[in-house]
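For reference, the structure discussed in these notes is given below.
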Amino acid sequence: MDKNIFESWAKFTEGEIRGRAKEGFLLINKEIINFKSYEGGIFQEIRLSDISEVVKHKNYLKIITSAGKIYTLWAVDPGRVGTLTGEKKSDDNKTRTLYSLLISLKDTKGLIEQNIIEKVKNMMEVSTRINIDMLKEVLGVESSIFYQNIFNVAAKLGLTIDGNQLNVENVSFSDFIRALNEYLDLGISNDILIDEKLSCPYCGFSLKPHMKSCTQCGTALLKDENDKKHE
């Protein structure tokens, strides 16, 4: 489990601010935002990979996910309580720190995701056979999780494993990276997964980019412009 890098008393509500927000404790690591209310045992978890935008208002933050959900939260000072409401007052300095941290983690997460995608793509472009141990290192997945689930990835996509080599000749890059994301819990957000899926116009089989013919039925595919120039 990742070590927490931010801890604070906080207020939290799902959606825009309406009425009284829940008070509780906020814990953040490099993967997840956790909020637990001490009023009613409410527990909320937000994966950083699901966050599409963080908006800072005067003394609170609005978090918007790629699925369109909205969460509002802000840090509070447990030693300062409003005389009329009895609620803990906001800690603006800590809220600003929280905002900077979330922006930093979100940007870093996006770079890591893009780096993984580019490396896997390069591996598939260089060879139709991928070294399984090398793939594990690129993905940064624990050995126990990786080796248990790489067979599920192969079974889902109809791939064969020969020794330490995974044959990816007959699978598109987008299908492969999505299956890795699903079974190995890479946490890659859907909006960063560029859909490069191609299919055979005759049998519908998934193809890799730049294939000259369908490996399933043998149908010749349309030639690209570079090929036409040399005819």
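The values are calculated or read from the model by the stated rules, or taken from the named source; none is laboratory data. Since we're looking at a predicted model, the values are computed, not measured. We place every Cβ from the backbone using ideal geometry, glycine too, and count neighbours over all the protein chains shown.
State all residues of the stretch 35-62 that are in a strand (DSSP E or B), surrounded by fewer than 16 Cβ atoms within 10 Å (Cβ to Cβ) and not basic (Lys, Arg); if no residue qualifies, say none.
Narrowing the stretch 35-62 to residues in a strand (DSSP E or B): 35-37, 43-47, 51-56, 61-62.
So of that shortlist, the ones also surrounded by fewer than 16 Cβ atoms within 10 Å (Cβ to Cβ) come out as 43, 45, 47, 52-53, 55.
Matches in the stretch 35-62: Phe43, Glu45, Ser52, Glu53, Val55.
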Legend entry - Looking only at the stretch 81-94, and only at residues there that are charged (D, E, K, R) and modelled with pLDDT of 80 or more, the one that is nearest to the chain's Cα centre (by Cα): Lys94
Legend entry - Selection from the stretch 68-95 of residues that are within 18 Å of Asn34 (Cα to Cα) and not in a strand (DSSP E or B): Lys69, Lys94, Thr95
Legend entry - Top-ranked residue in the stretch 95-140 [being of a type in the set (Asp, Glu) and within 30 Å of Leu73 (Cβ to Cβ); ranked as modelled with the highest pLDDT]: Glu113
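From Leu184, Leu166, Leu157, Leu135, grab the single residue that is in contact with an Asp or Glu (Cβ under 7 Å, 6 or more places away or on another chain) and buried (at least 18 other Cβ atoms within 10 Å of the Cβ).
Numbers: Leu184 fails: in contact with an Asp or Glu (Cβ under 7 Å, 6 or more places away or on another chain); Leu166 fails: in contact with an Asp or Glu (Cβ under 7 Å, 6 or more places away or on another chain); Leu135 fails: in contact with an Asp or Glu (Cβ under 7 Å, 6 or more places away or on another chain).
None of the other options fit; the residue is Leu157.
Condition test on Ile117, is it crowded, with 18+ Cβ neighbours inside 10 Å and either closer than 19 Å to Asn29 by Cα or without any contact (Cβ under 8 Å) to a residue 40 or more places away in the chain (or both)? Give the derivation first.
On the way: crowded, with 18+ Cβ neighbours inside 10 Å: yes; either closer than 19 Å to Asn29 by Cα or without any contact (Cβ under 8 Å) to a residue 40 or more places away in the chain (or both): no.
Here the answer is no, as Ile117 does not meet what is asked.
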Inset, instruction - Just need a number here: residues in the stretch 9-49 that are within 17 Å of Tyr60 (Cα to Cα), at pLDDT 85 or above and among the acidic types (Asp, Glu). - result: 2
